[in-house]
Amino acid sequence: MQKESAIREPLILGDKTYHQITEDVCAPVEGKANKYWYIVFSIAVIVALWGVGCILYTIGRGIGTWGLNTTVDWAWDITNFVWWVGIGHAGTLISAVLLLFRQKWRMAINRSAEAMTIFAVMMAALFPGIHMGRIWMAYWVFPLPNQFGSLWVNFNSPLLWDVFAISTYFSVSLVFWYIGLIPDFATIRDRAVKPVSKMAYSVLSFGWTGNAKAWIRFEEVSLVLAGLATPLVFSVHSIVSMDFATSVIPGWHTTIFPPYFVAGAIFSGFAMVQTLLLITRKVLNLESYITVKHGEYMNIVIVITGSIVGVAYLSELFISWYSGVEYEGYAFLNRATGPYWWAYWSMMTCNVITPQLFWFKKVRRSLMASFILSIFVNIGMWFERFVIIVTSLHRDFLPSNWGMFHPTFVDIGIFLGTIGIFFTLFLLFSRFFPVLALNELKSILKSSGDNYKKQHHNE
Amino acid sequence: MSKAIYALYDDDEIMVDGAKTILSKNVRIKDVYSPFPIHGLEIVLGIKWTRLAINAFLYGITALTLALLGMSYFMIQDWPMNIGGKPSFDLYQNLPAFIPITFEFTVLCAAHGMAITYLIRNWTLPGVKARNPHPRTTDDHFAIEIDLSENQGVSAEDIKTILQETKPVEIFEK
């Protein structure tokens, strides 16, 4: 039996047994949802429906319904795409990278973080899809044999790399998530009383038995998938950044982009996990599993990646001057002092300044402060993408072309709509799926559970 | 189907100790059902480690080859395109631009190939019926399965006596 140092904080609080863990995690699935769940769910569905309406309107009328113009021809669509993909980076990072590092604290948060990843990547993938205008031609992005003189997609283009990166990332994350869910669905199946849920969870659990060999395979699959998903996480946002970095637009043509985008993605992803879990633990009574210590660990990741992002902003600024290229220099001067100064300084405040508060242990361990600061990061990271995209485009090489971007109600509707769809999916997940990885939590109970640690200490 | 005797435990350590005792009395254990992976159990039971990782490697290497072959066919043989003057006339020169997709495709096939092999090898597929002997083996109980046909030399009564010594919470036949 593995024992842990007594001074290391327990990861499972209270007097828990294996059975109690099952009871606590299955309670939201087996019980009835409370009033708050219905209220939040209704709001999310209404916002989602509004978004779906705007999406259908876009598809019907074309992207002329958006605020794009000949100068700013890429705006909220790609901002939202990068924002959502970035948010989608935390889940797989938590489950894959932290698995390789044998970090036990990931076990309480990986399931919901992965669910968040999947939903966020779905929202992200929506934007390039609808931006195509003719979404029914979306399959043209794949290298399929065709009748156009066997014309192939361009494998030299980062936009195509993105197609491969996003689809690989989405499908591998989905498989990783589901493989972890199978044993937990089996737990719910074996406890189910109502015939309908018994049948549903029987199908979902794929007939999981939990015999010794199956568990060996399970562990091996988790480990190898983590090994595969780790470089995948880093590759996805590197490739997203190359959509910009390989172009010749001042402000985009930057070699620092891949690591800077990856750090930003982890930063925003952890902030979103923090936002969601601080609510989830309260609503689903999971305070014993998602503890203050878990929040603190996440805040440490946020302050570190936030600082990396801050250093990247400053190096970018320095290099724009040091390069001696006047266009490059102007692009950055214009970001900070031009008509979009408010976006630039919102980004700087939310991403670089406020997260520095997490250096203080009191702030790091305060749930309210964590929640507020995580919202700041979510906002700041949206502005980061907006700043990179719109401020680099709105004043191009010909001053007679200079303009501004004004979002229409469709732009706003689609953006808010994706938030609505995201929350609808997450709320459904929290109602019908086990939100914590049951089997993994049970495997750390004896080494990291509060009661067992005390017992070991007294021995 | 032959008859089997099951011993149900409420703690993983008691179960592992029980398994050691049972094996030391020359009774063969058919399988163990548990709600979570128990490290070291495979050594006690003498189960060989899975070869799924080798599978993943093979799927990955196949995908890597396919991606490179595919891209050199599409971009170099079949329809070479001059895009911004980037070299497009042999694989070596064009290779840097092919690396991202080669990597992604390798991960895609290795991960999915392995996941599919895992599901089939485990026989956990939609519509398959669960075979765990007791519903609580997915909650907080651990079951040792002893197949009578594998233990011809020992009577069912003797097995039960041995099992009784290992402090199970329940012994049942199925």
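The values are calculated or read from the model by the stated rules, or taken from the named source; none is laboratory data. Just so it is clear, the model here is predicted, and its values are computed rather than measured. We place every Cβ from the backbone using ideal geometry, glycine too, and count neighbours over all the protein chains shown.
Data overview
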quantity: The listed residue being touching a residue at least 40 places away in the same chain (Cβ under 8 Å) and surrounded by fewer than 22 Cβ atoms within 10 Å (Cβ to Cβ), out of A:TRP382, A:TRP341, A:TRP359, A:TRP345; calculated: A:TRP359
quantity: Among (1) assigned to a helix (DSSP H, G or I); (2) buried (at least 16 other Cβ atoms within 10 Å of the Cβ); (3) of a type in the set (A, V, I, L, M), the one test that A:LEU333 misses; calculated: (2)
quantity: Test: residue in the stretch B:116-135 that is touching a strand residue (DSSP E or B) at 6+ places or on another chain (Cβ under 7 Å) and facing chain A (nearest Cβ under 8 Å); calculated: yes
quantity: Yes/no for A:VAL72 being in contact (Cβ under 8 Å) with a residue 24 or more places away in the chain, aliphatic (A, V, I, L, M) and not in a helix (DSSP H, G or I); calculated: yes
quantity: So A:SER222, is it touching a residue at least 40 places away in the same chain (Cβ under 8 Å) and assigned to a helix (DSSP H, G or I); calculated: yes
quantity: Search result, residues across the stretch B:18-75 that are within 30 Å of B:PHE89 (Cβ to Cβ), of a type in the set (Ser, Thr, Tyr) and touching a helix residue (DSSP H, G or I) at 6+ places or on another chain (Cβ under 6 Å); calculated: B:SER72
quantity: Output for the stretch A:147-174, where each listed residue is free of Cβ contacts under 8 Å to residues at least 60 places away in the same chain and over 16 Å from B:THR102 (Cα atoms); calculated: A:GLN147, A:PHE148, A:GLY149, A:SER150, A:LEU151, A:TRP152, A:PHE170, A:SER171, A:LEU174
quantity: Selection within the stretch B:6-37 - buried (at least 16 other Cβ atoms within 10 Å of the Cβ) and either at the interface with chain A (Cβ under 7 Å from one of its Cβ atoms) or in contact with a Cys (Cβ under 7 Å, 6 or more places away or on another chain) (or both); calculated: B:ASP31, B:VAL32, B:TYR33, B:SER34, B:PRO35, B:PHE36, B:PRO37
quantity: Failed item in (1) modelled with pLDDT of 85 or more; (2) surrounded by 13 or more Cβ atoms within 10 Å (Cβ to Cβ), with B:MET81 passing the rest; calculated: (1)
quantity: Subset of the stretch A:390-443 (residues that are acidic (Asp, Glu) and over 26 Å from the mean Cα position of the chain (by Cα)); calculated: A:ASP396
quantity: Count of residues meeting criterion [in a helix (DSSP H, G or I), small (Gly, Ala, Ser) and touching a residue at least 60 places away in the same chain (Cβ under 8 Å)] in the stretch A:39-69; calculated: 4
quantity: Filter pass, A:THR391 being closer than 26 Å to A:GLU114 by Cα and in contact (Cβ under 8 Å) with a residue 40 or more places away in the chain; calculated: no
quantity: The stretch B:94-129: number of residues that are buried (at least 20 other Cβ atoms within 10 Å of the Cβ) and either touching a His at 6+ places or on another chain (Cβ under 6 Å) or more than 24 Å from A:ILE239 (Cα to Cα) (or both); calculated: 6
quantity: Where a residue in the stretch B:12-27 is over 14 Å from B:GLY46 (Cα atoms) and its partner, wherever it lies, is among the small types (Gly, Ala, Ser), with Cβ under 8 Å and at least six apart; calculated: B:ASP12/B:SER34; B:MET15/B:SER34; B:GLY18/B:ALA7
quantity: Qualifying residue in the stretch A:294-309 (condition: touching a residue at least 60 places away in the same chain (Cβ under 8 Å), within 23 Å of A:PHE426 (Cα to Cα), assigned to a helix (DSSP H, G or I) and among the aromatic types (Phe, Trp, Tyr)); calculated: yes
quantity: Residue within the stretch A:408-415 that is part of a helix (DSSP H, G or I), of a type outside the set (D, E, K, R) and surrounded by fewer than 15 Cβ atoms within 10 Å (Cβ to Cβ) present; calculated: yes
quantity: Members of the stretch B:59-78 found to be surrounded by 13 or more Cβ atoms within 10 Å (Cβ to Cβ) and of a type in the set (A, V, I, L, M), listed by number; calculated: B:ILE61, B:ALA63, B:LEU64, B:LEU66, B:ALA67, B:LEU68, B:MET71, B:MET75, B:ILE76
quantity: Set A:PRO10, A:PRO28: member being in a helix (DSSP H, G or I), closer than 23 Å to A:ILE109 by Cα and either within 14 Å of chain B (Cβ to nearest Cβ) or of a type outside the set (Asp, Glu) (or both); calculated: A:PRO28
quantity: Identity of the residue in the stretch A:235-260, touching a His at 6+ places or on another chain (Cβ under 9 Å) and within 14 Å of chain B (Cβ to nearest Cβ), that ends up surrounded by the most Cβ atoms within 10 Å (Cβ to Cβ); calculated: A:VAL236
quantity: Selection status of A:SER173, facing chain B (nearest Cβ under 8 Å) and either under 15 Å from B:HIS112 (Cβ atoms) or not aliphatic (A, V, I, L, M) (or both); calculated: no
quantity: Breaking point among (1) buried (at least 20 other Cβ atoms within 10 Å of the Cβ); (2) more than 19 Å from A:ILE166 (Cβ to Cβ), for B:LYS86; calculated: (1)
quantity: The listed residue being under 19 Å from A:ASP24 (Cβ atoms), touching a helix residue (DSSP H, G or I) at 6+ places or on another chain (Cβ under 7 Å) and among the polar types (S, T, N, Q), out of A:ASN451, A:ASN439; calculated: A:ASN439
quantity: Matching residues in the stretch B:134-158 - criterion: being over 9 Å from B:SER34 (Cα atoms) and hydroxyl-bearing (Ser, Thr, Tyr); calculated: B:SER149, B:SER155
quantity: Residue within the stretch B:59-73 that is more than 8 Å from every other protein chain (Cβ to nearest Cβ), without any contact (Cβ under 8 Å) to a residue 40 or more places away in the chain and in contact with a Phe, Trp or Tyr (Cβ under 6 Å, 6 or more places away or on another chain) present; calculated: yes
quantity: Filtered residue count, the stretch B:79-115, keeping only those that are within 23 Å of A:TRP177 (Cα to Cα) and more than 7 Å from chain A (Cβ to nearest Cβ); calculated: 3
quantity: Any hit, the stretch A:193-204, residues being touching a residue at least 40 places away in the same chain (Cβ under 8 Å) and facing chain B (nearest Cβ under 9 Å); calculated: no
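Per-residue answers, yes or no, for (1) over 15 Å from A:GLN274 (Cα atoms); (2) at pLDDT below 85; (3) touching a strand residue (DSSP E or B) at 6+ places or on another chain (Cβ under 8 Å):
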| site | (1), (2), (3) |
| --- | --- |
| A:ILE87 | no, no, no |
| A:TRP105 | no, no, no |
| A:MET116 | no, no, no |
| A:LEU126 | yes, no, no |
| A:ALA138 | yes, no, no |
| A:PHE148 | yes, yes, no |
